[in-house]
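> Dropping the structure in here first, questions after.
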Amino acid sequence: MTAPATIGVANHEELALLQQVFQRACKERALAEGSVEAEALSARLMWLFQHSGAYFDEATFEEMLRGEG
């Protein structure tokens, strides 16, 4: 679990976490890298990160992407 250094701005550790969540979500959804759907998923993930203002780990981000959080 990490604390955002600045709300809406990802540091190296957070970017790595976001990348892992994105790659796993694309695999689960069978989305091709660079597809419109993958880009929309990436945008959603970044929006969630930028507007959360809280502490998150991979599981929390994955729940949010699924609409559970």
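> Does any residue of region 25-43 turn out to be at negative phi, of a type in the set (K, R) and at pLDDT 90 or above?
Looking through region 25-43, at least one residue is at negative phi, of a type in the set (K, R) and at pLDDT 90 or above.
> Further question: Give me the pairs, please: first residue somewhere in region 22-33 and free of Cβ contacts under 8 Å to residues at least 40 places away in the same chain, second residue anywhere and hydrophobic (A, V, I, L, M, F, W, C) and assigned to a helix (DSSP H, G or I), beta-carbon distance under 7 Å, and either six or more positions apart or on two chains.
Close Cβ pairs (under 7 Å, with a partner that is hydrophobic (A, V, I, L, M, F, W, C) and assigned to a helix (DSSP H, G or I)) amount to F22/L41; F22/L45; C26/A38; C26/L41; L31/A38; L31/L41; A32/A38; E33/C26.
> Continuing with this model, one more query. Of all the residues that make up region 26-66, how many are within 16 Å of E14 (Cβ to Cβ), among the aliphatic types (A, V, I, L, M) and surrounded by 12 or more Cβ atoms within 10 Å (Cβ to Cβ)?
Qualifying residue count for the region: 5.
> Look at region 20-63 and say how many of its residues are touching an Asp or Glu at 6+ places or on another chain (Cβ under 9 Å) and assigned to a loop (DSSP other than H, G, I, E, B).
Number satisfying all stated conditions: 1.
The values are calculated or read from the model by the stated rules, or taken from the named source; none is laboratory data. Source: prediction; values computed, not measured. Every residue, glycine among them, receives a Cβ derived from its backbone with ideal geometry; neighbour counts consider all protein chains shown.
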